[in-house]
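The values are calculated or read from the model by the stated rules, or taken from the named source; none is laboratory data. As the structure is a computational prediction, the values presented were derived from the model and not from experiment. Quick reminder, even Gly has a Cβ in these numbers, built from the backbone with ideal geometry, and neighbours come from all protein chains shown. Note: areas computed on protein heavy atoms with side chains; ligands, DNA, RNA excluded. Shrake-Rupley method; radii C 1.70, N 1.55, O 1.52, S 1.80 Å.
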Amino acid sequence: MAGSNERGRALEYKIAIEIGNFLREELQLDVISSNSTKQLNFRDKLYFDELDEETKNDFSLCVATFVKWFAKQDWLKGALTVTIDRLGDDKAKSADPTDIRLGITNENGKLIFKNFSVKNRHDALKHPRLPSLAQQCGIPKESNVDISYRGHYEAIWESFGKKVNSLNKNIDTFEQLDKINPKFRVKYLYIPLMENAVDFLIKHSKKLECAHSLFQYLVGKTDYIVAKNESRNVLIKHFSKIDLPASFSVTYPYTEGEIDSQSYFLLEFDNGWKIRVRIHNASGRIFKESGKVFATEKMDPICINLGKVIPIEKMPKKLTS
């Protein structure tokens, strides 16, 4: 069964293919696929073909709904040529969330770009890792500040590994650990990691350059549109013309509903954006084969007031117009 990454790429593939078909067949435009698009489509067709029929039908319904929205956009008027460029995951590291970029040339020779980010069922802005937190805030790697922060980060993981071994030498995975003590990882890993990150962020929260860098890292530096597949709807989220913040505040632990407050913190930027950040493990393993701790985790940043800071369109998924 395909994982979440493969399903996401399958949906990107389907959208890129159907956009191209619409532009060629309905608008009679000259459509060019970049080399990257050709390579990624070739790879991701396999992911789409391996999906179960229910997921294929859901993705097809999502794409049909998206294309109907796409067909009504003013920036297609007078278009002659469209280049479809699918971007690899490496672009996200440079604060560009674009999955599919369209280069639209009109009859006057003017070229405009439209950027799309494709999401299946989730709202996370991206999935950052804790070791690079200083770089996310615009602080150079291997600077004294970065080295100090990473040293504390690594010490927390090493301490956690030693505590796990002291608890039971036969534990290799978080699943095994949770069966013995379900609160162990939160107490000895999540809380120390979050406190280390929060302490770092608070120290730099009033610095303009850090606020700019962190916000653009999380939200993106370029204008783009998110197409999100939900169970019954397709959401179109317009990330454009967003004012940059000058500072931010941090709340930890963060309580909201029934969430485990010790696994979350809240970033409140002074431009009105409120981004909730959750920590979780990126791997089920605690130790490498060498016996060293497998230090890896993900953060899920989600804007909890998104509808107040950007325009969002909701369209029911249906084939009929």
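Quick look at the values:
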| item | result |
| --- | --- |
| Among the candidates Ile100, Ile19, residue that is touching a helix residue (DSSP H, G or I) at 6+ places or on another chain (Cβ under 7 Å) and either closer than 23 Å to His127 by Cα or not β-branched (Val, Ile, Thr) (or both) | Ile100 |
| Single condition Ile302 does not satisfy, out of (1) under 17 Å from the mean Cα position of the chain (by Cα); (2) free of Cβ contacts under 8 Å to residues at least 60 places away in the same chain; (3) open to solvent by 20 Å² or more (accessible area, probe 1.4 Å) | (2) |
| Only listed residue being over 30 Å from Val234 (Cβ atoms), modelled with pLDDT of 95 or more, touching a strand residue (DSSP E or B) at 6+ places or on another chain (Cβ under 9 Å) and open to solvent by less than 60 Å² (accessible area, probe 1.4 Å), chosen from Gly151, Gly161 | Gly161 |
| Neighbours by Cβ (under 9 Å, 6+ apart or cross-chain): first from segment 21-45, in contact (Cβ under 8 Å) with a residue 24 or more places away in the chain and in a helix (DSSP H, G or I); second open to solvent by 20 Å² or more (accessible area, probe 1.4 Å) and basic (Lys, Arg) | Leu40/Arg9; Arg43/Arg9; Asp44/Arg9; Asp44/Lys14 |
| Extreme residue, farthest from the chain's Cα centre (by Cα), among residues of segment 253-294 that are open to solvent by less than 50 Å² (accessible area, probe 1.4 Å) and farther than 20 Å from Lys126 by Cβ | Gly291 |
| Residue among Asp85, Asp96, Asp90 that alone is modelled with pLDDT under 95, closer than 22 Å to Lys38 by Cβ and either in contact with a Ser or Thr (Cβ under 7 Å, 6 or more places away or on another chain) or crowded, with 17+ Cβ neighbours inside 10 Å (or both) | Asp96 |
| Segment 127-175: number of residues that are of a type in the set (Asp, Glu), in a helix (DSSP H, G or I) and without any contact (Cβ under 8 Å) to a residue 24 or more places away in the chain | 1 |
| Gly8 open to solvent by less than 50 Å² (accessible area, probe 1.4 Å), in contact with a Ser or Thr (Cβ under 8 Å, 6 or more places away or on another chain), under 21 Å from Trp69 (Cα atoms) and part of a helix (DSSP H, G or I) | no |
| Total residues in segment 178-217, condition farther than 24 Å from Phe269 by Cα and either open to solvent by less than 20 Å² (accessible area, probe 1.4 Å) or among the β-branched types (Val, Ile, Thr) (or both) | 4 |
| Residue within segment 1-16 that is farther than 17 Å from Asn120 by Cβ and not hydroxyl-bearing (Ser, Thr, Tyr) present | no |
| Matching option when the condition is open to solvent by 80 Å² or more (accessible area, probe 1.4 Å) and either on the phi < 0 side of the Ramachandran plot or modelled with pLDDT of 95 or more (or both), among Asn144, Asn233 | Asn144 |
| Failed item in (1) aliphatic (A, V, I, L, M); (2) open to solvent by 40 Å² or more (accessible area, probe 1.4 Å); (3) part of a strand (DSSP E or B), with Ile225 passing the rest | (2) |
| Flag for Ala124 being closer than 20 Å to Val250 by Cα, open to solvent by less than 20 Å² (accessible area, probe 1.4 Å) and part of a loop (DSSP other than H, G, I, E, B) | yes |
